[in-house]
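The values are calculated or read from the model by the stated rules, or taken from the named source; none is laboratory data. Fair warning: this is a prediction, and the values are worked out from it, not measured in the lab. Every residue, glycine as well, gets a Cβ built from its backbone with ideal geometry; the counts of neighbours run over all protein chains shown. The area values use the complete protein model at the heavy-atom level, side chains included, leaving out ligands, DNA and RNA. Shrake-Rupley method; radii C 1.70, N 1.55, O 1.52, S 1.80 Å.
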Amino acid sequence: MSKVRNNRAWWLILPMLALVAFSAIIPLMTVVNYSVQDVFDPSTRFFTGSEWFVQMLNDPALQAALLRQFAFSLTILLIEVPLGIGIALLMPKRGWQASVVLVLVTLPLLIPWNVVGSIWQIFTRGDIGLMGWSLRQVGYPYNITSNPLDAWVTIVLMDVWHWTSLIALLCYSGLRAIPEAYYQAARIDRASHWAIFRYIQLPKLTNVLVIGVLLRFMHSFMIYAEPFVLTGGGPGNSTTFLSQSLAVMATAQFDVGPAAAFSLIYFLIILLVCWVFYTVIMNLQKDSASGVSHD
Amino acid sequence: MTDVIRKGRVIRRTLLMGLYLLFVLLPIYWLVNMSLQSNSEILGELTLWPQQLTWGNYTRIFTDSSWYMGYVNSITYVLMNMVISMAVALPAAYAFSRYSFIGDKHLFFWLLTNMMAPPAVFLLPYFQLYYSVGLFDTHIAVALAHCLFNIPLAVWILEGFMSSVPREIDETAFIDGYSFPRFFLRVFLPLIRSGIGVTLFFLFMFSWVELLLARTLTSTQAQPIASVMTRTSTASGIDWGTLAAAGVLTIVPGILVVFFVRHHIAKGFALGRT
């Protein structure tokens, strides 16, 4: 759609801008301020320049957390995206079944994140949890508090449980937008199910899938409450992710300077990835607007 | 012959879908199961359903004000956040969808980055900011803090819905002599009604599930239910029954909300962009 050039539109943006500035810019300035200072108490501060940044970038614990974070995000994306697409294809399209399935699939998304952790903590306990108890019954010594692999797999499973629904719902809404005529044409051509998926459904899903991957990547990068409740980051550091390292540094150890520097590094990584995704989305939309994707 | 094949396919699809729903529901079932048991039963023999059904865990929550106020606090700041976010996001989304102006693309991108900002990054400055302006431990503090990710989200979704309304409608209304506020409230908002419903659903969802900021910005007066729940862990062990009951009760508002907007959810998850 062509837009009217009108700089007075800024007035409509202004209230929002004021509010977001209050909740985003002021805190960000504070973080930048701290990241270059050594704070003993509010009145005693020293300018440290880039010292904290150098220290943080060379910290092996943080490097390990960052690596773990990327491994985790990649793992869950590889599982959740194909699984989500599959679920979306399976979901009933009309009738009361559609409503019921829709509500049930949405359910995990509406549970507070720490409650998700509690649910899985209860579910995976070896003595009182259905999953932990069952695994022990069949002879597997399942224990997330002592076995790092068990803890890791459980966190991944929990995330798949929690978030596959988001991908499924995004794809479901994308699928619903495909006109019935496309399927009729495919039926006349005697197209196989795979061909329909490959040449009709998947191209129509790219738009929502990019959004889905973006949201999933970002949220998995911020994961905090679930592993905090479930494993506390253990055993060892095997399930300690970036947000948790940061929260410990800032609120438990009060290492304000390093925590601030770390925050900024963290934020820059997110910003970079976000920018890449944003560019992709905008190009996709431009393509579909100019009719390339056959709307 | 083809009928048999089709029937087989339907059965297979139903089976696979059922399997996934089982996976989704099993942990929740276990939570409900434990919430209806006494602690001695929970810690004793593992049973698939409550042998001695008890509502004690729920009565404890509903009779203890430090418990049920947690829910009241959570709902209060979620509602406040929904009102604030909507009030500022509606005009902004309209501007983004209808006009081009200096810096619009950069501004939109910057907005999105706020949605991506990990709350952990802002933890410390938020604490200090709200403490210094005297808003610490109030509902409005959490409501404002959640604006960080909810306003960008609202603008993003609403912009998608608004862009699907042809701008000829705006022009016709202006020619007919509607003033901008009157057009916006009487003509435009009803047109994107389902978009607004869906946006409110998302605002509710993300504010309701967020814990890190809510917990950091409150201590006693505005404590969210999520942090009240940590009280079940005491020196003598975890009060599993009460923890489970409290968990079940946090799911209920979500179920209610999703039930009311179920017909719009599919569209909403595409953020108005299908």
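Filtering the stretch A:126-141 to residues that are buried (at least 21 other Cβ atoms within 10 Å of the Cβ) and more than 9 Å from every other protein chain (Cβ to nearest Cβ) leaves only A:Gly132.
Only one of the listed residues (A:Leu149, A:Leu169) is within 14 Å of another protein chain (Cβ to nearest Cβ), of a type outside the set (Phe, Trp, Tyr), within 27 Å of the chain's Cα centre (by Cα) and part of a helix (DSSP H, G or I). That residue is A:Leu169. Quick one: which helices (runs of 4 or more DSSP H) lie wholly within the stretch B:1-67 and hold at least 1 residues that are touching a residue at least 40 places away in the same chain (Cβ under 8 Å), within 12 Å of chain A (Cβ to nearest Cβ) and surrounded by 16 or more Cβ atoms within 10 Å (Cβ to Cβ)? Of the helices (runs of 4 or more DSSP H) lying wholly inside the stretch B:1-67, those with at least 1 residues that are touching a residue at least 40 places away in the same chain (Cβ under 8 Å), within 12 Å of chain A (Cβ to nearest Cβ) and surrounded by 16 or more Cβ atoms within 10 Å (Cβ to Cβ) span B:2-35, B:39-43.
Can you go through A:Val160, A:Val156 and tell me which one is touching an Asp or Glu at 6+ places or on another chain (Cβ under 8 Å) and either modelled with pLDDT of 90 or more or under 27 Å from A:Thr239 (Cβ atoms) (or both)?
Working: A:Val156 fails: touching an Asp or Glu at 6+ places or on another chain (Cβ under 8 Å).
Checking each option against the conditions leaves just A:Val160.
Apart from one condition, B:Ser132 fits all of (1) open to solvent by 50 Å² or more (accessible area, probe 1.4 Å); (2) within 23 Å of the chain's Cα centre (by Cα); the exception is (2). Those helices (runs of 4 or more DSSP H) of the stretch A:189-277 that lie entirely within it include none in which at least 3 residues are within 9 Å of chain B (Cβ to nearest Cβ), under 19 Å from the mean Cα position of the chain (by Cα) and on the phi > 0 side of the Ramachandran plot. Filtering the stretch A:20-39 to residues that are crowded, with 17+ Cβ neighbours inside 10 Å, under 23 Å from B:Ala141 (Cα atoms) and more than 7 Å from chain B (Cβ to nearest Cβ) leaves A:Leu28, A:Tyr34. No other residue among A:Tyr182, A:Tyr140 is over 27 Å from A:Met282 (Cβ atoms) and of a type in the set (Ser, Thr, Tyr) apart from A:Tyr140. When B:Phe259 is tested against (1) modelled with pLDDT of 80 or more; (2) closer than 25 Å to B:Val88 by Cα; (3) among the aromatic types (Phe, Trp, Tyr), exactly one condition is not met: (2).
Scanning the stretch B:86-95 for residues that are in contact (Cβ under 8 Å) with a residue 60 or more places away in the chain and over 15 Å from A:Leu19 (Cα atoms) yields one hit, B:Tyr94. Quick check on the stretch A:68-80. Is at least one of its residues buried (at least 22 other Cβ atoms within 10 Å of the Cβ) and within 18 Å of B:Phe269 (Cα to Cα)? Within the stretch A:68-80, one or more residues are buried (at least 22 other Cβ atoms within 10 Å of the Cβ) and within 18 Å of B:Phe269 (Cα to Cα). In the set A:Leu12, A:Leu67, A:Leu17, only one residue is more than 14 Å from chain B (Cβ to nearest Cβ) and part of a helix (DSSP H, G or I); that residue is A:Leu67. Going by what's in this entry, would B:Val121 be described as farther than 15 Å from A:Ile25 by Cβ and either more than 9 Å from chain A (Cβ to nearest Cβ) or open to solvent by less than 20 Å² (accessible area, probe 1.4 Å) (or both)? No; evaluated as a whole, the condition is false for this residue.
Looking at the stretch A:54-61, can you tell me whether even one residue there is assigned to a helix (DSSP H, G or I), in contact (Cβ under 8 Å) with a residue 40 or more places away in the chain and more than 26 Å from the chain's Cα centre (by Cα)? The answer is yes, given that some residue of the stretch A:54-61 is assigned to a helix (DSSP H, G or I), in contact (Cβ under 8 Å) with a residue 40 or more places away in the chain and more than 26 Å from the chain's Cα centre (by Cα).
Do you know which residues across the stretch A:201-230 are farther than 25 Å from A:Leu271 by Cβ and touching a Gly at 6+ places or on another chain (Cβ under 9 Å)?
Within the stretch A:201-230, A:Gln201, A:Lys204, A:Leu205, A:Val229, A:Leu230 qualify.
The single condition from (1) buried (at least 24 other Cβ atoms within 10 Å of the Cβ); (2) free of Cβ contacts under 8 Å to residues at least 40 places away in the same chain; (3) within 25 Å of B:Leu249 (Cα to Cα) that B:Val83 fails is (1). The residues of the stretch B:161-219 that are among the small types (Gly, Ala, Ser) and either more than 30 Å from B:Tyr131 (Cα to Cα) or part of a loop (DSSP other than H, G, I, E, B) (or both), listed by number, are B:Ser163, B:Ser164, B:Ala173, B:Gly177, B:Ser179, B:Ser194, B:Gly195, B:Gly197, B:Ser219.
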